[in-house]
1. Given the conditions (1) open to solvent by 70 Å² or more (accessible area, probe 1.4 Å); (2) modelled with pLDDT under 80; (3) β-branched (V, I, T), which single one is not true for T40?
2. State yes or no: is S46 among the hydroxyl-bearing types (S, T, Y), modelled with pLDDT of 80 or more and either open to solvent by 70 Å² or more (accessible area, probe 1.4 Å) or under 14 Å from V137 (Cβ atoms) (or both)?
3. Show me the strands (runs of 3 or more DSSP E) found entirely inside the stretch 102-194 where at least 2 residues are modelled with pLDDT of 70 or more and surrounded by fewer than 16 Cβ atoms within 10 Å (Cβ to Cβ).
Amino acid sequence: TCFQQGLLNYTDVVSPHPYFTPGESPEINFTASRSPTLRTLVDSYSTPRTIPIGSRALGVCHSWAGDGTLVRTQAQQARDITRSVLVDMVLRHPVRIIYTFNDWVDEGNPNFEGYGLFDSNMYAADGPHPKLSYYSVKTLLQRLSGTQFLEMVRPSPYNADYYVAFFNGPSKAVIAAWIGGSFNPDSRTIDFVVPSAPLEMVDEFGTGMT
């Protein structure tokens, strides 16, 4: 293989396409057959140097178009992207590239939803317009700025229908809670202990919650 031939001696970051098949959720990358296996494989051929693992592209499959050629709504796309980014953060992947930045759609492949942070109206007088995905990713990065993933509050291991991750930093602590385990997860109530006050809660778009 390439690793056996020494490819990692010339590599700074290993960046796989974290796609998954229809019916799977972004959280499938928590399982032993995905990211942990890749981490073990890279470490076995790169010792004593530690090579980080990044994530390229969105991390969802092209068949995530719902029924037939039904395109995911902007709100659904935003949640898909945010869940996928959170998985990377929990796995401590230092690099994340979201493809595409524009709402491009392959006319020859109607199942490609055109995930992106902006719409494709490149030549409008006011330029491309942010989609809901832009605001969800912006909210996530702003809230977690200055923190690092510490631990999963619950569940453990990472194979349940909901996830609560604890991020900690010098001046703040943040809990990220989300529903997962399926393509279209249902709403549910999650109970967990808040480490300290004061507490501010927002949804994925930055709207205050009570």
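1. Just one mismatch for T40, condition (2).
2. So S46 fails the test.
3. Hits in the stretch 102-194: 148-154, 173-179.
The values are calculated or read from the model by the stated rules, or taken from the named source; none is laboratory data. Keep in mind that what you see is a predicted model, and the values were worked out from it rather than measured. Please note: Cβ atoms are built from the backbone with ideal geometry, for glycine as well, and neighbour counts cover all protein chains shown. Just the protein is used for accessible areas: all its heavy atoms, side chains included, with ligands, DNA and RNA removed. Shrake-Rupley method; radii C 1.70, N 1.55, O 1.52, S 1.80 Å.
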